[in-house]
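First up is the structure itself, then whatever we jot down about it.
The numbers here are math on the coordinates, done by the rules we state, and not lab data. Just so it is clear, the structure is predicted and the values come from calculations on it, not from any experiment. Heads up, the Cβs are rebuilt from the backbone with ideal geometry, glycines too, and the neighbour counts pull from every protein chain shown.
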Amino acid sequence: MTLSPLLIIMIGVIGLLGAGFYGLLVSRNLIKIVVALQVLVKAALVGLIAAGNYNGQINLAQSLALTVIIADTIVAVMGIALGVQIRRHMGTLDVRELSKLKG
Amino acid sequence: MLKLFLLLTIGLPWLGAACIWLIGDRRPRLLHAFAVAFSAAAGLSALAMLPYASEEIAISLPLGGIFGNFSLVADGLGILIAAIASVIGCLAIIFATDYMKHAHQLARFYALVLFFIGTMSGLGLSGSLLLTFFLWEITAFCSYALISFHNDDPKAVAGGIKALIMTQVGGVGLLAGALLAYAYLGDYAISTFLAQAGTLPPGVLAVIGFSFLLAAAAKSAQVPLHSWLPDAMEAPTPVTALIHAATMVNAGVYLLARFYPAFAEIPGWSTTVMIVGALTALLAGLMAVAAGDIKRVLAYSTISQLGYMVYAVGCGAIFASQFHLLSHAIFKALLFLAAGAIITAIDTRDLQKMGGLGKKMPFVRLAFIIGSLGLVGLPIANGFFSKELILEKGLESGPLALYLVMLAGAGITALYTLRLNWLIFAGEPRGPEPQHDGLPAMRVSLGILALGTLTSWLLAGGLGNMFAGTLPFHHIEAETTLTVAEHIFSAPATWVAMAVILLSGALWFGRAKLAPLGRIFEPILVHDFGFEWLQTQISRLVRGSAALLQHTQTGQVNWNVAGILLGLLAVLILLARGISS
Amino acid sequence: MSQIPVFLWLILLPLLASPVIYLLGRLFRKPGLARLPYLAAVLVLAISLVPFVLAARALGAGETLHYELGSISLHMDGLGLLLAAVALGLGGLVALYSGPYLSKEDGQEKFYAMLVLMVSMIVGLGCATDLFNLWIWFEAMAVTSYLLVAFYRTQAASLEAGFKYLVQSAAGSVLVVVGIAIIFGATGTLDLAGIRAAAPAPILIAAGALFVVGFGVKSALVPMHTWLPDAHSQAPSGISAMLSGVVIEAGLVALLRSLGALFAVSASWPALLIGFGALNMLLGNLMALQQKQVKRLLAFSSVAHMGYMLLGLGIAFYSGQIAGAQGSMFHLFNHGLMKGLAFLSAGTLLYTLYIARSHHGPLMIDDLAGAATRYPLAALTFSMAVLALGGLPPLAGFMSKWQIFVAGFQTHNIWLETMVIFGALNSVLSLVYYAPLVNAMYRLEPSARVREGGRAPWVMSIPLVILGLAIVVLGVWPSLMNWLTEPAARSLLAVLAGQ
């Protein structure tokens, strides 16, 4: 079995997803969590573009990707904004200390 | 006319409940008056239905689609239940006007009692499986809310929730049966079910039959689902008399009697019903001998008497079981209300603090003794006729072993009733001086019920006639009261039972010699034969696993993300298995 | 763009009003005008009822409600109408309720702008016809809800809940996009009907799994539910009601739309839905059993109730019969009413006992003691709400559960019947934690907090009375909602049947 470009891209997508989830699972810093979320989104973007390339609708795929980027930027901004408030009111960015609500 | 009375019987108490809730606690006298007025009117309209009894659907309210019709049928069984609920309900409320005189939150009390009365009447009169289940659940709710009426008392709260959960677990049986019936017949009408039960696949019918038995056992506090009833004694006494003696606990027996024609042919069903009834009659009777709280003795006695009714249904003696239901409702309400009068007079339920009360409370003593006559089943009281009828049918059509159990049960009934009377009224006072001999409103209720206990057996002929005419599936033959009485007096079973009762009465007087025996058995009896332990274990298991599960909610954001991956993995595995198969 | 169809105003009105509301709040800062955003939000949501009624009528008359603008296409069917009804109804009541509730807070204009926007996004989500649009509405709804959950931005607990919600929800959302990419690559289309018509391929199953998990985060499928108890308990009570009554259901609708398109690719969907249903019921109830905080308890109860909806949908997916779907839709509607009422009633107590005294502590179960003596209405409606959630008649929850259960038995399938019994036993289990709440409120001896509590503002009583009446009316007359639930179930089944 030869490595077709599509397969390579799929492996890349899965790799990015893995990296992102790894980051989400082990990061203790709130900023790093947001960055890991961004890595996840990049995986999805690569996937979208690859899909468009595969079925010949690359224009549509690009516009979809652009929309995802916009939506995702808003989420990232909000995540960081929450981080700022958390830092201000709780004095920490360590997500392990963000566990008062449990049980 | 019938439609009007039907609606009034169910609707008046509900309307009264709403009015009373809206009036609120600020005007207690108005509340008393409203409660008595509404319940009395409901009682009268229930009695007014008697001449109109009919098997036809009287009122049908289409809910549409999968909910079918809510229908009401005023047949013999239904009117009996409705009449008991609203008449005894009215007497309990009259009693309560004195009993609850200084209580707080009266509006909630009366509203719930009235809500219950209307619902219970409706349950009897319902002609649709869905409506039956609907009202069944409401009675469970009312019972729960009234048991824990004194919410500040943790025991009352615990008792209420226990009753709710146990009857609801049984309710799942009724739910399953009703759903199965609808899924196969496409109709909720009870008459359709009775007519077409034979066309159902035998396995399905058997599941329905045993599911209904589960529901009935939970509601009528049959072994092993009985332990909620003694704990329900935390309710105000008028409530106990009404719900936990005269009406709601009968719903299980009513359910079995109502559906008996459909289930009689299921292999093993009748025998199981008989065994449940007999076992309950015996075990609960024994526990009543050991109980030390006046209301708990009566509670166990109620369970035991319900066992008689269930046993009767198992024997196919529908009329006998319902006749005993009527007798029991009257004499047990009397006993509970008299006990309530005693409790208010000396402010304790502990039998060890009573004794010698008869001199100061002659009226209540008389009432209590008349009730006891009914409970033991001595001639002239209604309990005699109905119980002998059951025993006779049992000897005729049930296994001999179970008949002997029931006979022993009759003896034990005599024993604990004698003990109860003795501890309350005989000997020297061991506790506080009684404050009164029944307040005026209490006396009204007690007097009427005592009269009922002595005379209600005269209704045997009329009741049988009504059953025979309006229950086409039950094949009941009408007999006049005179024939029934003649029949009972000439049956040998009656005299055997009388002998057993006298013998066990004698046991009480030889109690000094039996004391060592008592010491051996007392722990078992007080601890409910271990059923209580079993329930505690189940509840502990649930609580324990919930506490363990709590650790999964760590509150860590990393862990939350792991939940997503875990879910994804599980979904992929499940779907991959779907492909390969 | 010849003419805007009437149903579109359902989306446009709140959408356009949202920035106006925000600006009103920013521009008019005089004390006398501080209530302007509040009044505007209530007004907009009330006016939106007009297009709703017109759209419902048109749909009832058999018209197709369709609108296309470029690549955006909107189609309102029964399911969309149901979601719009819940979002609009509950949204309006919540807006009305929040006026006094938030009167002491900063940034109210943001709250109302976001609330109105969220309603618009949810209505839009119900009308989406292609996967990508579905995702956009979904994401927009999520963004508005992050802001609303973390509304108390000086409270540590509120910030914590907001952040955890954001992370989990965003991660789930990415999975949805990956799923969309797979489908786009494999079928070349994003149109839901087009996907349904495309040939089934095994790779599409992977996309289905991603949708289940991605949308499942929002609809709180176990084990993706862990954000829910935090967010629901920390948000302002009106938002708790919206999250529990509409937002998680919107996630469910998105899940159904996407799974409907993929219905043919796997035979395991019914088992999957029912499996999640059972898990949700059991875990939600057991967790709720251990809670000491009222709102957290209610949050776990939402997890359990999602289980009932999934059970009904699984039955419908299995049998193709309308009953299960209709039962689920009815339960979705009722859950909006019941949980909305529960959160708003609890919120009234929380407000009078804590917030009005400038204290942001959680409302504990012990605080409820004796509440009925001072707050008879809130205590009554809260009791009704939790008893309805527990499935006691004559309240709405009984009827919708019954409808789901009947559907299960009508399949004559022993496994589904067992699951129904399991669901019924779970209802009994849930009474173990609902009943003590009622007991506590009707105690004579008030808790220290109740003794010191202030008066409840009368405006907050209006939603309580409306929702309370609705619960009783639907409890005795369930078919009153057939006009809404039946088309919703039909449009769902039509997708499954490939029409």
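For segment C:413-499, applying the loop criterion from DSSP together with a ceiling of 11 other beta carbons within 10 Å to the trypsin sites (Lys or Arg not before Pro) yields C:Arg455.
For segment B:536-580, treating each Cα as an identical point scatterer without solvent, what Debye log10 I(q)/I(0) comes out at q = 0.16, 0.20, 0.33 1/Å? Ignoring solvent entirely, the Cα scatterers give -0.66, -0.75, -1.03.
Given an 8 Å cut-off on Cα distances and at least 6 residues of separation, report the relative contact order of segment B:2-526 as a percent. Don't jump to the answer; show the numbers that get you there.
Numbers: 971 pairs, mean separation 73.5, N = 525.
It comes to 14 percent, rounded to a whole number.
Say R0 is 25 Å: what FRET efficiency, to the nearest 0.05, do C:Val53 and C:Ala494 get from their beta-carbon distance? Please report the intermediate quantities before stating the final value.
Values: r = 24 Å, r/R0 = 0.96.
Once rounded, the FRET efficiency stands at 0.55.
Rounding to the nearest 20 debye, state how big the charge dipole of segment C:267-499 is about its Cα centre with +1 on each Lys and Arg Cβ and -1 on each Asp and Glu Cβ. Taking the Cα centre of segment C:267-499 as origin, the dipole is about 520 debye. Farthest towards the positive end of the charge dipole of chain B, among the residues B:Gly544, B:Thr271, B:Leu334, is the Cα of B:Gly544, using unit charges on the Cβ of Lys, Arg, Asp and Glu. Placing R0 at 22 angstrom, the Cβ-Cβ distance between B:Leu534 and B:Ala158 gives a FRET efficiency of 0.85 after rounding to 0.05.
Here, P(r) means the percent of Cα pairs in each 20 Å bin from 0 to the largest distance; for segment B:2-526 it is 24, 60, 16, 0. Can you tell me the 0 to 90 degree angle between the C-alpha axis of helix C:49-60 and the longest principal axis of chain C, rounded to 10? Taking the Cα atoms of chain C, the angle to C:49-60 is about 30 degrees. Overall form of segment A:32-91: prolate. Here a/c, set by the Cα gyration tensor axes a ≥ b ≥ c, is 1.5 or more, and a/b is the larger of a/b and b/c. A simple rule links phi to the HN-Hα coupling: the Karplus curve 6.51 cos²θ - 1.76 cosθ + 1.60 with θ = phi - 60°, which for segment B:129-142 gives 4, 5, 5, 4, 5, 3, 6, 3, 5, 5, 4, 4, 5, 4 Hz, with x for Gly and Pro. Between B:Leu44 and B:Leu7, the modelled label-to-label distance comes to 1.9 nm, taking each label 7 Å out from Cα in the direction of the beta carbon.
Residues whose amide H falls under 5 Å from that of B:Ala189, counting only those 5 or more places apart or on a different chain, are B:Leu129, with hydrogens built in the peptide plane. The residue list C:Val450, B:Ser45, C:Met224 was ranked by how far each Cα lies along the charge dipole of the protein assembly as shown toward its positive end, using unit charges on Cβ atoms, and C:Val450 comes out on top. Normalised Debye scattering of segment B:141-251 at q = 0.19, 0.22 Å⁻¹ gives log10 I(q)/I(0) of -0.88, -1.04, counting only Cα atoms as equal scatterers and leaving out solvent. For the set A:Lys100/C:Lys218; B:Lys295/B:Lys387; B:Lys219/B:Lys353; B:Lys353/B:Lys513, the pairs lying more than 29 angstrom apart at their alpha carbons are B:Lys219/B:Lys353.
Write down the Å³ per residue value for the convex hull defined by the alpha carbon atoms of segment C:267-499. Let's see the in-between values first.
Numbers: hull volume 26.9 nm³, N = 233.
Hull volume over Cα atoms, normalised by residue count, gives 115 Å³.
The Kirkwood hydrodynamic radius of the protein assembly as shown, based on inverse pair distances between different Cα atoms, is 31.7 Å. Averaging 1/r across all pairs of distinct Cα atoms in segment C:440-499 and inverting the result yields a Kirkwood radius of 15.8 Å. What are the ³J(HN,Hα) couplings of segment B:101-118, residue after residue, when phi is run through the Karplus curve with 6.51, -1.76, 1.60 and θ = phi - 60°? Round to Hz, x for glycine and proline. Whole-Hz 3J(HN,Hα) from phi for segment B:101-118: 3, 9, 7, 8, 6, 4, 4, 5, 4, 5, 4, 5, 5, 5, 4, 5, 4, x. Rg of the Cα atoms in segment C:15-87, relative to 2.2 N^0.38 Å, amounts to 1.46.
Based only on Cα atoms, what mean projected area does the convex hull of chain C have, in nm²?
Working: hull surface 85.7 nm².
Its average projected convex-hull area is 21.4 nm².
Within 10 Å of each Cβ in peptide B:96-105, how many partner chain Cβ atoms are there on average? Round it to a whole number, please.
Working: counts 0, 0, 0, 0, 0, 0, 0, 1, 2, 5.
That works out to 1 on average.
Computed from backbone phi, the HN-Hα couplings of segment C:431-436 come to 5, 4, 9, 6, 4, x Hz, rounded to whole numbers (Karplus: 6.51 cos²θ - 1.76 cosθ + 1.60, θ = phi - 60°; Gly and Pro given as x).
B:Phe467: net charge of surrounding residues, Cβ under 13 Å, Lys/Arg +1, Asp/Glu -1, itself excluded?
Values: positive: B:Arg258; negative: B:Glu55, B:Asp75, B:Glu477, B:Glu479.
Local net charge: -3.
In this structure the amide hydrogen of C:Arg443, modeled in the peptide plane, comes within under 5 Å of the amide hydrogens of C:Gly370, C:Ala371, C:Ala372, none closer than 5 places in sequence on its chain. Each of C:Ser430, C:Tyr101, C:Ala201 was scored by the projection of its Cα onto the charge dipole of chain C, and the greatest displacement toward the positive side belongs to C:Tyr101; charges sit on the C-beta of Lys, Arg, Asp and Glu. By the Cα gyration tensor, segment B:1-151 has an equivalent ellipsoid whose semi-axes, rounded to whole angstrom, run 28, 17, 12 from largest to smallest.
Over all pairs of different C-alpha atoms in chain A, the reciprocal of the mean inverse distance, the Kirkwood hydrodynamic radius, equals 15.4 Å.
On a 0 to 90° scale, report how tilted helix C:131-149 is relative to the longest principal axis of chain C, with both axes built from alpha carbons and the result rounded to the nearest 10. The angle comes out near 10 degrees. Overall shape of segment C:351-405 was characterised from the C-alpha gyration tensor. The equivalent ellipsoid obtained from it has semi-axes of 29, 12, 8 Å, in decreasing order.
Using 1/(1 + (r/R0)^6) with R0 = 41 angstrom and r between the beta carbons of B:Leu514 and B:Ile343, what's the FRET efficiency to the nearest 0.05? The formula returns an efficiency of 0.90 here. Here the peptides A:9-20, B:255-266 are ranked by packing, the mean other Cβ count within 10 Å, and the order with the highest first is B:255-266, A:9-20. Taking amide H as placed 1.01 Å from N in the peptide plane, A:Asn29 has its amide H under 5 Å from the amide H of A:Val95, each at least 5 places away in sequence or on another chain. Restricting segment A:1-76 to trypsin sites (Lys or Arg not before Pro) that sit in a DSSP loop and have at most 16 other Cβ atoms within 10 Å of their own Cβ leaves A:Arg28. Whole Å is fine, so just give me how far the alpha carbon centre of segment C:380-417 lies from that of segment B:73-137. For segment C:380-417 versus segment B:73-137, the Cα centre distance is 24 Å.
If the only charges are +1 at each Lys and Arg Cβ and -1 at each Asp and Glu Cβ, what is the size of the charge dipole of segment B:43-183 around the Cα centre, to the nearest 20 debye?
Working: 4 positive and 7 negative charges, 66 e Å.
In debye, rounded to 20, segment B:43-183 gives about 320.
Placing +1 on the Cβ of every Lys and Arg and -1 on the Cβ of every Asp and Glu, with nothing else charged, gives the protein assembly as shown a dipole about its Cα centre of roughly 2860 debye.
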